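Take a look at the structure below.
The values are calculated or read from the model by the stated rules, or taken from the named source; none is laboratory data. All values derive from a computational prediction rather than experimental measurement. As a convention, Cβ positions derive from the backbone with ideal geometry for all residues, glycine included, and neighbour counts pool all protein chains shown.
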Amino acid sequence: MKTREKKTFTLRSGEAVYELQLEKLSSRYRLTGVRRSKPTDTKPIPPLEAEIRRQPPYRIIRAPEGAWRCAAIRDDKGVWVSHEGRTEFFEFVKPGTGVAAEKPIRAESEIRAPMTGKIVAVRVHPGQHVQPGEILAVMEAMKMEHQLEASQPAMVEQVSCSEGQLVDFGQVLIRLKPFVTEEAR
Amino acid sequence: MGSERFCVGARAKVKSTKMFKKVLVANRGEIALRIFRTLKDLGIKTVAVYSEADANAPHVWAADEAFLIGAPPPRESYLNIAKILEAARKSDAEAIHPGYGFLSENPEFAEAVQRAGLVFVGPPPQAMRALGDKAEARARAQKIGVPVVPGTGAYDSVEELQAEAKRLGMPLLLKAAAGGGGKGMRRVADVSELMEAIVSAQREVQAAFGDGRMIAEKWIEPARHIEIQIMGDRHGNVVALGERECSLQRRHQKIIEEAPSTAVRQELRQQLQEAACKLAQAVHYTNAGTVEFLLAPDGSFYFLEVNARLQVEHPITELVTGLDLVKLQIESAAGEKLRINQEAITLRGHAIEARLYAEDPKRQFLPASGKILKLHWPALPGLRIDSGICEDQTIDTHYDPLLAKCIAWAPDREQARRRLLAGLRETVLLGLVNNLGHLIELLESRPFGQGTTFTGTVETLAMEWASKSEEPLPPALLLAAVLADEHKNEKERRDERVASDRSCSPWARLGRWRNLEQP
């Protein structure tokens with residue numbers, strides 16, 4: 001009798017979380033799982049039973065429904081994978097912690113640096129009220145400017161960057177306190 | 001490559017001039033590597049310069065010699081004239097090729113190179129001044145009867161430009177008076193946005209070129225961006241090498257270019273070429289240059305500006321003319337006569353270039369940074385890759401996010417498009433966000449397939465695609481993800497190779513000894 005190896009993976013790409021089970025059959029792999037985009041929206045992934053052939057830099061994945069030539073590599077942050085030029089990045093999450101609902105993204109209460117670069121202008125100060133589309137700060141990277149705008153009515157709670165400062169991708173620059181309307185509740 | 005037909009055999013007829021023995025390239029990335037390639041073809045020794053951020057960049061190791069010229073910010077390294085000249089002196093280089101961007105269109109640099117007794121591979125400083133400045137170039141074009149887009153003069157003062165721009169009317173386009181590359185370009189649709197746009201654009205321009213003067217031009221829509229490649233020698237000869245269409249742009253920067261244009265017939269080509277050559281001759285232009293035009297739907301064209309340098313998209317011209325533009329540049333700089341005349345230049349087939357950028361098409365093309373973990377280029381007939389990157393290289397935000405160019409040539413446009421698509425689909429670039437998928441989508445799009453591309457096409461398509469729900473991921477991609485190999489850096493890979501070499505030893509292969517004479 002063959003012993004079956006079964007592994008579980010949780011991957012996150014943007015708002016979507018994939019909970020996957022990988023089974024190693026004698027010469028094939030079987031992948032099943034679900035995709036969760038909201039706590040209520042869970043869709044099964046069409047199960048895939050495929051043979052794998054290594055053909056560096058690709059892995060050929062062959063199944064009755066077709067063949068895909070993919071390339072993938074993982075580092076300490078997650079895994080990059082591409083198929084015919086379409087490239088995706090997945091973050092590895094510990095099983096059970098990755099559901100979008102458990103990590104609520106509060107409606108833009110934090111303005112984070114969308115890229116590594118330099119702050120060239122800060123347009124707001126704590127206590128100031130801002131309207132959607134209002135420019136909060138201006139960043140520069142690779143000689144291009146990028147404006148950070150408010151997406152909703154809010155009050156500026158905290159400004160944690162200053163002009164001329166170099167900031168990293170994802171660094172919190174400004175904290176906003178959105179005005180929550182009754183309907184939105 | 002089968003499509004390159006270099007002019008050979010003509011050399012003996014030209015009075016031999018002194019060819020350089022060593023040339024320094026004051027640039028980085030793919031263009032430095034591209035220039036080294038031709039220099040090697042010509043038997044000329046190569047010198048690289050690099051910043052602290054680029055110590056492991058491919059261009060440093062591709063040259064015969066390399067000199068560290070300063071800290072990562074361009075101002076302290078790739079824009080540092082004194083350091084670059086010092087490297088040239090130390091290496092005994094006789095000429096400096098500036099590539100594109102950085103100091104390539106800076107007449108002070110060209111003059112400093114000449115003062116140091118070296119040759120600048122590019123147009124003479126006075127021609128650069130006359131044409132490199134957009135306002136002055138416009139005036140000159142008008143004088144010789146080349147139509148220009150209605151616009152303002154160049155202003156340093158925000159108030160003056162604002163007043164002039166208001167008189168011109170909206171919508172309009174703000175531009176840097178000096179320099180190109182889309183830096184400082186802003187489309188302004190409404191007067192209320194004008195002030196903010198000018199201030200922001202000026203800051204960008206000041207940082208990029210050290211010159212804050214701006215101009216405003218009337219916005220023409222729908223328009224195609226058509227440019228003519230010119231090449232001149234020091235003996236008064238100028239030839240035009242056909243057009244390139246570069247209408248597919250984002251942030252006013254080109255991403256896909258092709259030659260010839262689907263909108264240019266021979267008669268129009270001749271008109272554009274004549275206008276370009278006339279302008280070049282009026283300022284005694286030499287070396288490579290590009291004259292940019294806007295083409296309106298009714299076939300009328302307007303002069304935009306001259307790029308007094310080699311351009312990013314020069315390979316498509318090389319593929320349809322069979323000429324090596326860098327070789328022509330070097331020969332022109334060395335004082336040689338052009339070996340080709342206008343009649344001898346024929347366009348053959350079709351070429352398309354796609355620019356691979358470290359940027360996120362899903363987030364307004366923001367520059368991305370990261371480490372290249374896996375890289376594979378296609379090797380297909382008719383495909384040329386001008387790359388500036390390698391595996392394990394870290395791409396940071398100090399410099400332009402252009403990583404590489406993928407260029408396809410074929411006898412006709414549709415075949416070239418398919419070749420380029422096949423090449424891009426085979427390309428593997430993992431480790432940082434890039435626009436590979438976006439390039440594929442653009443090449444597959446209906447406007448590109450039909451050849452009806454305008455300067456607003458990329459934006460229109462983006463809006464169309466945004467409303468479409470995203471296609472679900474093929475489960476195979478997920479399977480590949482969970483089976484992915486661990487990234488190993490170069491050292492780890494080397495260690496592994498050594499270990500596997502050891503296991504190749506016949507002693508290891510023999511396995512456990514067994515005594516055959518066991519009773």
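In segment A:88-103 there is at least one residue matching the filter, namely being more than 30 Å from residue B:399 (Cα to Cα), within 12 Å of chain B (Cβ to nearest Cβ) and modelled with pLDDT under 95. So in segment B:464-498, with the set limited to residues that are modelled with pLDDT of 90 or more and closer than 30 Å to residue B:224 by Cβ, which one is nearest to the other protein chains (Cβ to nearest Cβ)? Among those residues, the one meeting the criterion is B:465. Return yes when residue B:200 is farther than 23 Å from residue B:75 by Cβ and within 14 Å of chain A (Cβ to nearest Cβ) and no when it is not. For residue B:200, the condition - farther than 23 Å from residue B:75 by Cβ and within 14 Å of chain A (Cβ to nearest Cβ) - is not met. Restrict the check to segment B:154-169 and report whether at least one residue is of a type in the set (Lys, Arg) and either buried (at least 16 other Cβ atoms within 10 Å of the Cβ) or within 14 Å of chain A (Cβ to nearest Cβ) (or both). No, because not a single residue in segment B:154-169 is of a type in the set (Lys, Arg) and either buried (at least 16 other Cβ atoms within 10 Å of the Cβ) or within 14 Å of chain A (Cβ to nearest Cβ) (or both). A count restricted to segment A:27-42 and to residues that are more than 18 Å from residue B:482 (Cβ to Cβ) and either within 11 Å of another protein chain (Cβ to nearest Cβ) or free of Cβ contacts under 8 Å to residues at least 24 places away in the same chain (or both) stands at 4.
Consider segment A:132-156 and keep the residues that are more than 14 Å from every other protein chain (Cβ to nearest Cβ) and surrounded by fewer than 16 Cβ atoms within 10 Å (Cβ to Cβ). The one that is nearest to residue A:176 (Cα to Cα) is A:155.
For segment B:98-126, the set of residues classified as closer than 17 Å to residue B:234 by Cα and in contact with a helix residue (DSSP H, G or I) (Cβ under 7 Å, 6 or more places away or on another chain) consists of B:110, B:111, B:118, B:119, B:120, B:121, B:122, B:125, listed by residue number.
Where in segment B:107-149 are there helices (runs of 4 or more DSSP H), lying wholly inside it, with at least 3 residues that are surrounded by fewer than 19 Cβ atoms within 10 Å (Cβ to Cβ)? Walk me through how you get there before you give the answer.
Values: elements: B:107-115, B:125-132, B:134-143.
Filter on segment B:107-149 gives B:107-115, B:134-143.
Given B:350, B:376, B:314, which one is assigned by TED's automatic domain parsing to the domain that holds residue B:425, surrounded by fewer than 22 Cβ atoms within 10 Å (Cβ to Cβ) and either over 22 Å from residue B:225 (Cα atoms) or touching a residue at least 40 places away in the same chain (Cβ under 8 Å) (or both)? Sole residue among the options that is assigned by TED's automatic domain parsing to the domain that holds residue B:425, surrounded by fewer than 22 Cβ atoms within 10 Å (Cβ to Cβ) and either over 22 Å from residue B:225 (Cα atoms) or touching a residue at least 40 places away in the same chain (Cβ under 8 Å) (or both): B:376. If you go through segment A:157-172 and keep only what is on the phi < 0 side of the Ramachandran plot, within 25 Å of the chain's Cα centre (by Cα) and within 14 Å of another protein chain (Cβ to nearest Cβ), you end up with A:166, A:167, A:168, A:169, A:171.
Quick one: would you say residue B:407 is away from chain A (no Cβ under 14 Å) and more than 14 Å from the chain's Cα centre (by Cα)? Outline the logic, then answer.
On the way: away from chain A (no Cβ under 14 Å): yes; more than 14 Å from the chain's Cα centre (by Cα): no.
It is false that residue B:407 is away from chain A (no Cβ under 14 Å) and more than 14 Å from the chain's Cα centre (by Cα).
Just to verify a result, which residue in segment B:103-159, among those that are among the hydroxyl-bearing types (Ser, Thr, Tyr) and touching a residue at least 40 places away in the same chain (Cβ under 8 Å), is nearest to residue B:171 (Cα to Cα)? Filtering first and then ranking leaves B:152.
What are the residues in segment A:115-148 that are under 25 Å from the mean Cα position of the chain (by Cα) and at pLDDT below 85, if any?
A:115, A:116, A:117, A:132, A:133, A:140, A:141, A:142, A:144, A:145, A:146, A:147
For segment B:48-68, the condition of being crowded, with 24+ Cβ neighbours inside 10 Å, touching a strand residue (DSSP E or B) at 6+ places or on another chain (Cβ under 7 Å) and part of a helix (DSSP H, G or I) holds for at least one residue. Residue check: is residue B:312 aliphatic (A, V, I, L, M), out of contact with any Cys (no Cβ under 7 Å at 6 or more places or on another chain) and not in a loop (DSSP other than H, G, I, E, B)? For residue B:312, the condition - aliphatic (A, V, I, L, M), out of contact with any Cys (no Cβ under 7 Å at 6 or more places or on another chain) and not in a loop (DSSP other than H, G, I, E, B) - is not met.
Is it true that residue B:385 is surrounded by fewer than 20 Cβ atoms within 10 Å (Cβ to Cβ) and without any contact (Cβ under 8 Å) to a residue 40 or more places away in the chain?
yes
Residues satisfying the criterion are present in segment A:148-157 (criterion: out of contact with any Asp or Glu (no Cβ under 7 Å at 6 or more places or on another chain) and under 21 Å from residue B:401 (Cβ atoms)). Counting only strands (runs of 3 or more DSSP E) that sit wholly inside segment A:1-100, those with at least 2 residues that are aliphatic (A, V, I, L, M) are A:16-24, A:29-38, A:48-55, A:58-63, A:66-74, A:78-83.
Could you list, in sequence order, all residues of segment B:371-404 that are within 11 Å of another protein chain (Cβ to nearest Cβ) and of a type in the set (A, V, I, L, M)?
If the condition is that a residue be within 11 Å of another protein chain (Cβ to nearest Cβ) and of a type in the set (A, V, I, L, M), then B:372, B:373, B:375, B:395, B:402 are the ones that fit.
The set of residues in segment B:450-491 that are of a type in the set (S, T, N, Q) and closer than 19 Å to residue B:362 by Cβ comprises B:457, B:460, B:467, B:469.
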